[in-house]
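**Student:** Here it is, the structure, as structure tokens.
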Amino acid sequence: MQIPTLLILAGLAEQPRHGYGIVQVVADLSAGEVKLRPGTLYGALERLTEQGLIEVDHEEAVEGRLRRYYRLTTEGAAALGAEIDRLQRHTEAARKQLRLRPAGGTA
Amino acid sequence: MSDEARQVRRYRLLLLAYPGRFRRRRGTEMITTMLELGEPSRSDAWHLIASGVRERFRLPSGRPFTVVGALLVTLALGMFGAAAGSWLGSPGLPARSEVMHLVNPAVSNPMASFSHRTSWSGRADSLNFTLAPKAQQPSWTVEDARTGLIAAGWTITEFTADPRPASITCTTDDICTFDSSSATVLAERDGLVLSGTATDFLADKTGTAWIGGLTGSVVVGRGAVYLPLTIAGGLLGALTGWLLTAAFAYRIRSRPLAAVFTGVAMTVAAPPVWALIVNAVMLGQHLSGTGLVYTLHAALLPDSHLDGVPAWLIPACAIAAAAIAIGVLVLSTDREDLPGATRPT
């Protein structure tokens, strides 16, 4: 799972969000590191919907514009949890290796 | 026109990079999001276009059979595309009289210029001919054929004389076999390729003679555009195959009949696709050689070059597969909306 996808799923965990809301929450979660462009966002939303990880919650019209809200499905929450566990394991293994680095480094 | 209307118009143009299915499902909400994000930079615009093009190539997620299907359709349309390119790059054989007008000078005062046109599956059409001097010309040799062809404008690309001495072998029943000196002749002129065998005049003591002459065939050689057109046709066909599968994979999943017919079309297309692959291998093996001229599209002609295949099978399967494929396209032309979504009020 790529980082933008992980962050999109994470951003939908708390509450359903529309496209612009997802862009904002992903920017917040990544401390501004990941800035989703519409092409990336909607490509990911299409794939995640097909995979059943997210689904349409509801739609609304604001000032004549369509807003579609997405929510995380049960499968999506499970996939997000599994991915977080996997990354956690890798991170901890990497951290352990870093601690084993000899003091002063190599010549 | 207001700024927002102008922006919406620009976004709609950019969204044309996406497949229609995607635009119908997500176009409106994408425009909403883009308006909220503010004016896109040039880089954002290119990124949107690239994302749209990538979406056109994307197959539905989590469906391995679709990937296999896409590869098979890509292969099939790639081969048919290459065959179309081959056909475009192969000028037809000129009329028989025109060809014989060019070949006849190989023999001065020819007695007979027997010729017939032949269509071989897998190969370029050829005109087979036999030329012999009208009257016995004891001095006639294979060199005369070479001289005559050069005088008629042919370029001799190979002239190999058989080193065997001429001989006449007679049985006790006075049936004699004339084994005349011969030479292999290859010549080219205006895109035509002549390949044949010239033989010397040979007579026994009684005056019975092998009159000699030139026998062979003329085909249209592969021109400079043949391979580029064939390769371009193959690439275009393969690209079309993948894009069609990506587009129709979404449509036929809710139409079992269309899915069944797609499978039938692929099955029926298998023999002609295999015939084209075999011919592509033969073409590759004879690319630099002389003599036989293989043309890819000719694999679809009746009387297949494949062993044990009925004459009608390859062209019939090609036509049937095309007809069924068109049927599948017609069956799958309806539009679909995002399931579970409710319309704004």
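**Student:** Cα gyration tensor of region A:1-87, axes a ≥ b ≥ c as square roots of the eigenvalues: rounded (a/c below 1.5), prolate (a/b > b/c) or oblate?
**Tutor:** Oblate, because a/c is 1.5 or more while a/b does not exceed b/c.
**Student:** Where does helix B:20-37 land angle-wise versus the long Cα axis of chain B, in degrees 0 to 90, nearest 10?
**Tutor:** 50 degrees
**Student:** A further question follows. Pick from A:ARG95, A:ARG71, A:ARG37 the residue whose mean-square fluctuation is largest in a GNM of chain A, springs joining Cα atoms under 10 Å.
**Tutor:** Of A:ARG95, A:ARG71, A:ARG37, the most mobile in the Gaussian network model is A:ARG95.
**Student:** Rg and Dmax of region B:96-220, Cα atoms, in Å?
**Tutor:** Rg and Dmax of region B:96-220, Cα atoms, are 15.2, 50 Å.
**Student:** Of the candidates B:ILE156, B:ILE277, B:ILE49, which one comes out as most mobile in a Gaussian network treatment of chain B with C-alpha springs shorter than 10 Å?
**Tutor:** B:ILE49
**Student:** Highest GNM mean-square fluctuation, chain B, Cα pairs closer than 10 Å: which of B:THR33, B:THR157, B:THR262?
**Tutor:** Residue with maximal mean-square fluctuation among B:THR33, B:THR157, B:THR262: B:THR33.
**Student:** I've got another one for you. Please report Rg (one decimal) and Dmax (integer) in Å for the Cα set of the protein assembly as shown.
**Tutor:** 35.2, 111
**Student:** From Cα pairs below 8 angstrom and at least 6 apart in sequence, can you work out the relative contact order of chain B, rounded to a whole percent?
**Tutor:** For chain B, the relative contact order is 21 percent.
**Student:** Under 24 Å Cα to Cα from B:LYS205, which lysines show up? Leave out anything in the same chain fewer than 8 places away.
**Tutor:** Reachable lysines: B:LYS134.
**Student:** On to the next question. So for each of A:53-60, B:310-317, B:101-108 I average, over its residues, the number of other beta carbons within 10 Å; can you give me the resulting order with the highest mean first?
**Tutor:** B:101-108, A:53-60, B:310-317
**Student:** Which of the cysteines found in chain B have nothing to pair with, since no other Cys Cβ lies under 4.7 Å from theirs?
**Tutor:** If one checks each Cβ against the other cysteines of chain B, B:CYS317 turn up with nothing under 4.7 Å.
**Student:** Let me ask another. Roughly how tilted is helix B:3-15, in degrees to the nearest 10 and between 0 and 90, from the longest Cα axis of chain B?
**Tutor:** 40 degrees
**Student:** If you don't mind, another one. Rounded, prolate or oblate: which fits chain B when a ≥ b ≥ c are the square roots of the eigenvalues of the alpha-carbon gyration tensor, with rounded for a/c under 1.5 and prolate only if a/b beats b/c?
**Tutor:** Prolate, since a/c reaches 1.5 and a/b exceeds b/c.
**Student:** If you count, for every residue in B:29-41, the Cβ atoms of partner chains within 10 Å of its Cβ, what is the mean?
**Tutor:** Partner-chain Cβ atoms within 10 Å, mean over residues of B:29-41: 6.
**Student:** Nearest 10 degrees, 0 to 90: what angle lies between the long axis of helix B:142-151 and the longest principal axis of chain B (Cα atoms)?
**Tutor:** 50 degrees
**Student:** Over region B:207-324, calculate the relative contact order: mean separation of alpha carbon pairs under 8 Å at least 6 apart, over the residue count, as a percent. All intermediate terms of the calculation are to be shown ahead of the outcome.
**Tutor:** Working: 75 pairs, mean separation 28.8, N = 118.
Averaging sequence separation for qualifying contacts and normalising by length gives 24 percent for region B:207-324.
**Student:** Let me know the shape class of region B:222-277, please: from the alpha-carbon gyration tensor, a ≥ b ≥ c as square roots of the eigenvalues, rounded when a/c is under 1.5, otherwise prolate if a/b is greater than b/c, or oblate.
**Tutor:** oblate
**Student:** Counting each DSSP H run of 4 or more residues in chain B as -39500 (n - 2.57), what helix-only mean residue ellipticity at 222 nm follows after dividing by all residues, to the nearest 500 deg cm²/dmol?
**Tutor:** Value at 222 nm, helices only: -16500 deg cm²/dmol.
Every number in this text was worked out from the coordinates using simple rules, so none of it is lab data. Just so we're clear, the structure is a prediction, and the values are computed from it rather than from any experiment. For neighbour counting, all protein chains shown are included, and Cβ atoms are generated from backbone atoms with ideal geometry for every residue, glycine included.
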